[in-house]
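Each remark here refers to the structure printed beneath this line.
Bear in mind that the values in this text are calculations on the coordinates, not laboratory data. Nothing here was measured: the structure is a model prediction, and the numbers come from that model. We place every Cβ from the backbone using ideal geometry, glycine too, and count neighbours over all the protein chains shown.
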Amino acid sequence: MSSDELVDVVDESDRVIGQAVRHEVRRNNLRHRSVYVLVFNSAGQLFVHRRTLSKDVFPGHWDVAVGGVLNAGEGYDEGARRELHEELGVTGLTLRRLFPLRFEDAHNRVAGVVYSCTSDGPFHLQASEIAEGRWMDLDVLLDRTQHDPFCPDGLEALRLYLIKLDQARNRR
């Protein structure tokens, strides 16, 4: 997404209240819509990638989710499919829509939706956005989050996913 592309600005309830170009959204920390896709392989590992240094927020950080900012008027499901295609070069995956995500910090205010999918690749990484990527076991990943820079909104998506997974297991 270019810094001049139009983005929906939303309120706390995810209702569109206006539009702004992406660089204004970032500069003024306006609440906007994003998607987060947790990509697992058939062995249960999560695909983790390091963002390029040219990213407008959290450059060079590791991220546990594929995804990003929605274009103005774009739906969450459509945005998740677009981001998978742009960032990993894959299409036709079955996306599981999991839960809404609200995230806010000094750099990012998001109304989002978290998804998961399963794929063993191969992936064709978008060079302008992803510097490198790899599969990680969750225990190794959780340890790495203690000493490497990770995108905090992606970590929040993963944290909520793990809580919901644990709750589902305890109900059985």
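Taking every DSSP beta bridge that has both ends in the chain, the antiparallel portion is near 75%. Counting only alpha carbon atoms, the long axis of helix 76-88 and the longest principal axis of the chain meet at about 70°. Region 106-172 and region 22-83 have Cα centres separated by 11 Å. Label separation (ILE163 vs ASN29): 2.2 nm, computed from points 7 Å beyond Cα along the C-beta direction. With Cα atoms as the point set, the radius of gyration and Dmax of the chain evaluate to 15.4, 49 Å.
Using only Cα atoms, find the angle between the long axis of helix 152-171 and the longest principal axis of the chain, and express it within 0 to 90 degrees, rounded to the nearest 10. Result, in degrees: 50.
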